[in-house]
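Since the structure comes first, as C-alpha cells, the remarks are kept for the end.
FYI, it's all coordinate maths here, none of it is from the lab. Note that the coordinates shown come from a computational prediction; the quantities given were computed from them, not determined experimentally. As a convention, Cβ positions derive from the backbone with ideal geometry for all residues, glycine included, and neighbour counts pool all protein chains shown.
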Amino acid sequence: MDNNLALTKTATSTKQKPKGRKSFFKLLVQQRALVLMSIPFVIWVIIFKYLPIWGWAIAFQDYKPAKSFWEQEWVGFEHFKFLFTNERFLLVLRNTIVMSLINLVLGFVTAISLALMLNEVRNMAFKRTVQTISYMPYFLSWVVAAGIIQNILAVDGVVNDLLKFLGLIEEGEEILFLGIGEWFWGIYGASIVWKNVGWNTIVYLAAIAVIDPGLYEAAEIDGAGRFRKMWHITLPGIRNVIIVLLIMNIGYLLESGFEPQYLLGNGMNIDYSENLDIFVLNYGIRLYNYSLSVAASIFKTVVSFILITAANSIAKRIGEVRLY
Amino acid sequence: MANGRRQKRKKRIGRMSVGDWAFEIVNHTLLILLVIVTLYPMINTLAVSLNDATDSLKGGIYLWPRKFSLENYKFVFQESNIANAALISVLRTVIGTVLTVFCSAMVAYTISRPEYVLRRFVTVIFLLTMYFNGGLIPTYLLMRNLGLIGTFGIYIWPNIIGAFNLIVIRTFIENLPSSLIESAKIDGAGEFRTFVNIVLPLCAPVLATVALFTGVWQWNSWFDVFLYNSSKEHLSTLQYELQKVLAFSNASMQRIDFQAAAAQGASYQKVTPYAIRATMMIVVSVPVIMVYPFLQKYFVKGMLIGGVKE
C-alpha cells in the first residue's frame, strides 16, 4: 500500500483531460495509480469468473477424473443428446420452469398488493413497524427458513394443529405436507412469498412515493374513492417499474433458485422439487458424472444468457420510451 | 349547486364513510396477520429453544416456554465444534465484508473517473459476469487447481467483488459533487489518497448497504462449506452445522421419532435434536435480526440506486 501511495504522488497530473493525440500508452502511464487500483481486480475476475469457462470443454469429452485434460476422449454433443432424450432431465426442466413462473407471478402479485396496502396506512408508526418486520425473513438464511417451514408443516406442527382446531381434519389424520409431491410447488410458492414479499415492496413503495400528490387531490375533487384512486393513479404510476421488473425477471426463467428446493426436498417430493441446479449437483458431486453435469449447466447458462440479454434490451427500450 | 357539492366533499374528507371504515379494518387486519405469520415461527422457535428439551417432545409449546431451561444453549455452546463454527462464521463475515467493501469501492472509484482510459474495459469485464457463470463443476475444478479446497480462503477469495455492488457504488460516486474530488486533486492528493480520504467517507451510506448485503450473504452461506470443506470440521460454519442437523431430522420425522432416538442415546438425555435445532436456529438468526433494522434507511436507498442504473 505504501508503494501504491508513493506512485500516486507522481501521478497527480492525471486530472488533465485526455487529448486525442496523446497515445494510449502515455495515458496509461500517466494514470498508473488508477491502473494499479483496478487491474489487480481485473486479473482476479478473469481467474475466478472467466477461467472456469475453460472447463466447459468437459461437456464435450468423456471426462475421467483420473486422466489429464489432454488425455480425455472427445465425444462431441453426445452428452447434450443424452440430456434431451433423458426423461429425468425433461422432468427437471419442467420443475425448474414451473417453479420460476410460480415465483414470478406470486412474487409480483403479493408484493404489489402489499405495497398498495401499506400505502393506504396513515399511521406512520404502524406502517414502519409492519415494514421493518416484513423485511426480516429476507435476511434469514434459507437454512433457517427451511427449518421453520419443516417445523410448521410437520405432522405435529402448527398448520396441522390449526386444521384440527378448525375441525377440518380429525386426530390421527394429520397431513404430511412435505411428503406429498404434488403439493411441493404450492409449499415452494408460499415459502418464497413468506421470505421475500416484504423486501420486494421496497421498490414499489419508492415508485409510489414519487407520484405527484396533486393527482390524488385532483381525483379527490372529482369524487374518486379509494379504489378508483388506486386503480387510476397509483397502479399507472408504478406501471413502468412493474413492466421493467417483469421483463427482467423473465430473463431469469431458469434461475428458480437452489436452496429452497434442495433444503425442503426429500425422497417423497423429489419428482417435483428437483430443479436444474440440483440435477447438476447430483450428477456432478454424487454420481461423479462430470460431463453430463457440465452439459446441463452449460445449457442453463446459455439459455439464461440469451434470455437475460434479450430481457435487458427490451427493458431498456421500454424504460426509455416510458420514462420520457 | 357548486356550493352544495363542495360541502358534501368536505364532509367526506372530515368524516370517513362506512366503506372507508370497512376498508381500514380489513387492511389493518391483513397487515397484522402478515406480522403474525412473519413473527410467529421465530417466537415459537425461541420458546422451544428456552424450554426443557424432553418436555418439548410432548408438544403444545406455542408462544412461551412451559418449563424454562437454558440447558439447550449450554449444550450448544459447550459442544466444541459449534463454538468453533461460530468463530469461523464471524471470521468469514468480518474479513469477507471488510475486503469486499474496500475493494469494490476502490474499483468503483476508478471506473467513476471520466478520464480513466481503461474505464470502459474494466466496467464491461465486471458487468459481463452478471450474465453467465462457469457452473458448479468447472468452478470446483478451478478451486481445486488453485489449492483453495479445504482452506479458509475459499470463503473469501472467490467473493471479493460482485458486479452489482460495483455498479451501485459507482453510481453513488458519480452522483457526488465532483468539485470535492477536484479540489482534493488540486491540493496535490493522488488518486489513492483522494479515494481513501475523500471518497470513502462520503460513500458511507452506500457502503453500509453493501456491507449489510455482503455480511448477511457471508453469514448465511452454507453451500460453499458443504461443497468444499465438508470434511474439515475446524472450518465448518454455524449455518452448515445447522444444515446438517436439519438434514438429519428430515421433514418426515416427528418429535415422537426423536423421543425414541433420545431414549436410545444415553449421551442425549438432556437435549434432543428437536431442541438443538430450535436453539441453533435462534443462535444463527439473532445477529442478523439485531443488525438489519438499524441499516434500514441505507439499504432502502441502496436498493434504489441499484435499480435506477441496471
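Ordered by the count of other Cβ atoms within 10 Å of each Cβ, fewest first, A:297, B:69, B:179 give B:179, B:69, A:297.
Site pair residue B:24 and residue B:120 shows an inter-label distance of 5.9 nm when each label is modelled 7 Å from Cα along Cα→Cβ.
Spherically averaged projected area of the convex hull of Cα atoms, segment A:217-284: 7.4 nm². Per-residue ellipticity at 222 nm, computed for chain A from helices alone with -39500 (n - 2.57) per DSSP H run of at least four residues, works out to -20000 deg cm²/dmol.
Helix-only arithmetic for chain B: the sum of -39500 (n - 2.57) across DSSP H runs with n ≥ 4, divided by the residue total, places the mean residue ellipticity at 222 nm at -21000 deg cm²/dmol. The slack in the chain from residue A:156 to residue A:73, taken as 0.36 nm per residue of separation less the alpha-carbon distance, amounts to 24.5 nm. In terms of overall dimensions, segment B:186-225 has a Cα radius of gyration and Dmax of 15.4, 49 angstrom.
Ordering A:179-186, A:31-38, B:20-27, A:268-275 by mean Cβ neighbour count within 10 Å, with the highest value first, yields A:31-38, A:268-275, A:179-186, B:20-27. When a/c is below 1.5 the answer is rounded, else prolate if a/b is larger than b/c, else oblate, so apply that to the protein assembly as shown with a ≥ b ≥ c taken from the square roots of the Cα gyration tensor eigenvalues. It is oblate, given that a/c is not under 1.5 and a/b is not larger than b/c. With θ taken as phi - 60° and the Karplus curve 6.51 cos²θ - 1.76 cosθ + 1.60 applied, the whole-hertz 3J(HN,Hα) list for segment B:199-205 is 6, 3, x, 5, 8, 2, x Hz, x standing for glycine and proline. Taking every lysine pair in chain B that is 8 or more places apart or spans two chains, those with Cα atoms closer than 22 Å amount to 10. With the biggest extent put first, the Cα atoms of chain B measure 83, 75, 35 Å across the principal axes. Seen through its C-alpha gyration tensor, with square-root eigenvalues sorted a ≥ b ≥ c, segment A:183-324 comes out oblate because a/c lies at 1.5 or above while a/b is not bigger than b/c.
Based on the Cβ-Cβ distance of residue A:165 and residue B:294, what FRET efficiency does E = 1/(1 + (r/R0)^6) give at R0 = 30 Å, to the nearest 0.05? So the FRET efficiency works out to roughly 0.20.
Counting Cβ atoms of other protein chains within 10 Å of each Cβ in B:272-281 and taking the mean gives 2. Across peptide B:191-200, the average count of Cβ atoms from other chains found within 10 Å of a residue's Cβ is 4.
Measuring nothing but alpha carbons in segment B:126-233 and taking Rh as the Kirkwood radius, the Rg to Rh ratio lands at 1.10.
With r defined as the distance between the Cβ atoms of residue A:132 and residue B:64 and R0 fixed at 22 Å, what FRET efficiency is calculated, to the nearest 0.05? The calculated FRET efficiency here is 0.45. Taking other Cβ atoms within 10 Å as a rough exposure proxy, A:194, B:64 sort from fewest to most as B:64, A:194. Cβ crowding within 10 Å, taken as a proxy for footprinting-reagent exposure, orders B:183, B:285 from fewest neighbours to most as B:183, B:285. Qualifying trypsin sites (Lys or Arg not before Pro) in segment B:67-142, where qualification requires a DSSP coil assignment and no more than 16 other C-beta atoms within 10 Å, comprise B:67. Here the spin labels are modelled as points 7 Å beyond Cα on the Cα-Cβ line, and at residue B:200 and residue A:212 they lie 4.5 nm apart.
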